[in-house]
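These notes concern the structure reproduced below.
The values are calculated or read from the model by the stated rules, or taken from the named source; none is laboratory data. Predicted, not measured: the structure shown is a model, and the values here were computed from it. Please note: Cβ atoms are built from the backbone with ideal geometry, for glycine as well, and neighbour counts cover all protein chains shown. Ligands, DNA and RNA are stripped out before the accessible areas are found, and what is left, the full protein with its side chains, is counted by its heavy atoms. Shrake-Rupley method; radii C 1.70, N 1.55, O 1.52, S 1.80 Å.
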Amino acid sequence: MPPIRLIIVDDHPIVRDGLRGIFAGDAGFEVVGEAADGPEALAVALRTGPDVVLLDLRMPKMSGAEVIRRLREQTPGIHVLVLTTFDNDADILPAIEQGATGYLLKDTPRADLRHAVRAAARGETVLSPTVAGVLMKKARTPEESRTLSRRELEVLKLIARGATNRDIAGKLFITEATVKTHLLHVFAKLEVKDRAAAVAAAYETGLLKPAADG
């Protein structure tokens with residue numbers, strides 16, 4: 001059988017070098033390209049037509065979930081295998097929802113990684129045990145997983161009033177980075193991708209009430 005054509009996408013050159021070395025000695029794989037960010041990944045994928053894209057989740061210029069969405073739009077049938085250090089639901093859920101074939105953590109042993117790429121090339125779902133646990137927890141307690149914390153609801157109310165991240169940070173005495181983290185959790189729980197959609201979903205589900213919060 002022909003080798004599995006693979007591109008490696010990670011913003012750290014040393015990580016790309018290490019991953020390339022894992023596959024270089026196996027005739028069953030051919031690394032046909034590399035990229036350091038989302039736009040470059042799209043260009044390399046379009047040029048090389050790989051079977052599998054091994055994708056880091058957090059890189060410059062474009063979110064991992066957005067890269068996955070665009071890859072699947074421009075190259076139907078492509079399989080994206082996420083390889084990252086992030087194992088929280090705010091990272092996992094958007095990636096899976098956008099069509100990632102699998103989601104592994106960077107502590108995955110070499111042999112397991114090669115096996116996972118083979119499985120992804122066949123279209124099989126591959127998940128690290130930690131990621132599978134996150135998804136199982138969400139499936140078992142869907143209502144609880146969508147419940148906003150008090151702080152997340154405070155952030156959402158301020159967003160609905162037109163506040164910026166800086167405004168919210170000053171109002172709640174937290175950093176802008178913390179505001180962004182709360183927003184990511186809100187997006188994941190409400191299954192939306194931006195602030196406007198989060199506010200709309202909150203009004204539709206009754207989390208926000210126009211009479212009280214408008």
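Of note:
- With DNA, RNA and ligands ignored, accessible area of ARG20 (1.4 Å probe; Å², nearest 10): 90
- Note on the chain: antiparallel DSSP beta bridges, both residues inside, total approximately 5 percent of the bridges counted.
- Shape parameters for region 1-73, alpha-carbon atoms, Rg then Dmax in Å: 11.8, 37
- Gap separating the Cα centres of region 160-180 and region 185-209, nearest whole Å: 17
- Averaging 1/r across all pairs of distinct Cα atoms in region 13-116 and inverting the result yields a Kirkwood radius of 13.9 Å.
- Residue-level accessible surface for HIS12, protein heavy atoms, 1.4 Å, Å²: 100
- Taking a straight line from the alpha carbon of LYS61, these aspartates and glutamates sit under 15 Å away, with near neighbours fewer than eight places off in the same chain left out: ASP10, ASP11, ASP37, GLU40.
- Karplus 3J(HN,Hα) series, Hz, for region 11-23 with 6.51 cos²θ - 1.76 cosθ + 1.60 (x for Gly, Pro): 7, 9, x, 5, 5, 4, 4, x, 5, 4, x, 5, 9
- Averaging the Cα positions of each part gives two centres, and for region 10-74 and region 108-122 these lie 15 Å apart.
- Qualifying GluC sites (Glu not before Pro) in region 151-214, DSSP loop, other Cβ atoms within 10 Å at most 16: GLU191
- Based on protein heavy atoms only, the chain ends up with 51 Å² per residue of surface accessible to a 1.4 Å probe.
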